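Here, each number is a calculation from the coordinates, and none is a lab measurement. Note that this is a predicted model, so its numbers are computed, not measured. Cβ sites come from the backbone with ideal geometry, for glycine too, and all protein chains shown count toward neighbours.
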């Protein structure tokens, strides 16, 4: 039962309530970086056949939209992103080949078709052992751990604004906040 109240220390003025979204509605965001710190175009995977107008209008033009029934990463979506988007971005930015791409051992990242395409395009896939990315994956350790903390703080700040008190972060507005 939700009361609409938030339990907090006495005297706190800025309060927010972070609600869990509908578990049937997920999105996945894939972010890649170069060793020099360049950020590749992020991939956002939605569970839509056709994304809502609000999503298309709000997403930065450099971001890539992907689609799966669940909103989770699937091998076909990952393949399309690596072969069509990341490969093009590497060429457009004159990134010297071969490149090394660290991936986790998730099955969506491990297909023969992707391995063959990466070999052809001089992208060396290096799969980290399962259940070790939080310890071994450089981006998880250096970027995503602090990013998660900042994201929670950003949501709290956003929800503490008078115009957002009763609003939630959704798939159509998270780009502006992120």
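Could you work out how far the C-alpha centroid of region 40-77 sits from that of region 124-162, in angstrom?
Centre-to-centre (Cα) distance: 19 Å.
Please arrange 64, 44 by counting, for each residue, the other beta carbons lying within 10 Å of its beta carbon, fewest first.
Ascending Cβ contact count within 10 Å gives the list 64, 44.
Order these by the 10 Å Cβ neighbour count, fewest first: 48, 81.
Least crowded to most crowded, the residues run 48, 81.
Percent of Cα-Cα pairs per 10 Å bin, from 0 to the last occupied bin, for region 28-177, please list those.
9, 34, 37, 16, 3, 0
Label-point separation (nm) for residue 156 and residue 112, each offset 7 Å from Cα along Cα-to-Cβ?
Reported label-point gap for residue 156 and residue 112 is 5.1 nm.
Output the relative contact order of region 60-161, whole-number percent, from Cα pairs under 8 angstrom with separation of 6+ residues.
The value is 23 percent.
Grab the Cα-Cα distance for residue 38 and residue 145, subtract it from 0.36 nm times how many residues apart they are, and report the gain in nm with one decimal.
36.7 nm
At residue 53 and residue 120, where each label point lies 7 Å from the Cα along Cα→Cβ, what is the point-to-point distance in nanometres?
Distance between label points: 3.9 nm.
Determine the percent antiparallel among the DSSP beta bridges restricted to region 28-177, to the nearest 5.
About 30 percent, rounded to the nearest 5.
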